[in-house]
Each structure stands twice: as C-alpha cells, then as structure tokens.
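Take a look at the structure set out below.
The values are calculated or read from the model by the stated rules, or taken from the named source; none is laboratory data. This one's a predicted model, so the numbers in the text were calculated from it and none came from an experiment. Note: ideal-geometry Cβ built from the backbone for every residue, glycine included; neighbour counts use all protein chains shown.
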Amino acid sequence: MKGGERLRRSTQSAFTLIELVMVIVILGILAAVAIPTFYNLQEDAKRSAVKGSLGGLRSGVAIWYAKTASQGSATYPTLAQLASAPGGVMQFSIPLNPYTNSNAVVSGTVEAANAAAGWIYDVNTGRIWSSAAETQGSGY
C-alpha cells in the first residue's frame, strides 16, 4: 500500500463538517419542539394534585353528611371535625395544598386567596375550595 492510498481511506470514513452541522441543526429543531411540551408539567401536576385532594375532601364531607342524615339530623361537619383528621371526617390527615404547601383548613363562604391556609371550608353548605391564588375562579 502506498502512502496516498492509506490517506484516502482514512478520510473517506470520517464525517464532514456539513454533516455534523446538519445533525446539530436537526437536534436543535427537535429540542425546540419538545421543550414547550414539557415546560408546564409541574403546573399540570400541581393542578391535578389539588383536584385529587379536593375530590377526597369533598367525598369525606359528603359521607359525613350522609351518615348524619341516616341518623336523623343531616348536618355538615364543623371546621373542628373536618380538621381533626385522622379519625374525624377524613381517614388520614388533610392533604397538603401543593400551591400553598399547607394543609390548614379555614372557614369561609367564598373562594378566596389565602397563602397561609391550604383549604377554605364553608360549614353551612359543606363546600370546600383551594385557597391558592393560582386556582381562584376555577371552582377547585
């Protein structure tokens, strides 16, 4: 084998600069398309956690109401009875609100932002809402 032949073989198996730039451009385009899809996953997870927690809380209140109705006096649990979990209305402790990082339940008649609490409970109607500013007006 001559020296020129050996040189030609080694350069034929390498990638050219244009090929490498094209791969980088394609990877950049794929990343630009994928990043917005995964960007709001944390917000979606918080929203889903609030909805799930509210479902459990509302079920506990509804079961309490049904129990007291079957005993002759249909009443919603008091704030103390709701907050005395475990063993009161809820089998386990009141879940944390992922937006406020609190499981405190405060009394109220409307959905309102309260960063110090996790949940707002209306003892007259049995309605319960998230107290996070991010969820206001959403019904949960």
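Taking segment 102-120 as the range and being assigned to a strand (DSSP E or B) and free of Cβ contacts under 8 Å to residues at least 60 places away in the same chain as the test, the residues that pass are Ser102, Val105, Val106, Ser107, Ile120. Of everything listed in (1) of a type outside the set (Val, Ile, Thr); (2) part of a loop (DSSP other than H, G, I, E, B); (3) under 27 Å from Glu134 (Cβ atoms); (4) modelled with pLDDT under 85, the single unmet condition for Tyr99 is (4). Under the condition of being in contact with a helix residue (DSSP H, G or I) (Cβ under 8 Å, 6 or more places away or on another chain) and closer than 14 Å to Tyr121 by Cα, the residues counted in segment 76-89 number 5. Restricting Ala66, Ala74 to residues that are assigned to a helix (DSSP H, G or I), closer than 25 Å to Val106 by Cα and not β-branched (Val, Ile, Thr) narrows the list to Ala66.
Only one residue in Gly72, Gly56, Gly118, Gly108 is more than 24 Å from Ala133 (Cα to Cα) and either surrounded by 12 or more Cβ atoms within 10 Å (Cβ to Cβ) or at pLDDT below 90 (or both). Which one?
The match here is Gly72.
For segment 77-87, residues that are part of a loop (DSSP other than H, G, I, E, B) and over 12 Å from Leu57 (Cβ atoms) total 4.
Can you tell me which residues in segment 1-35 are of a type in the set (S, T, N, Q) and either at pLDDT 85 or above or in a loop (DSSP other than H, G, I, E, B) (or both)?
Ser13, Thr16
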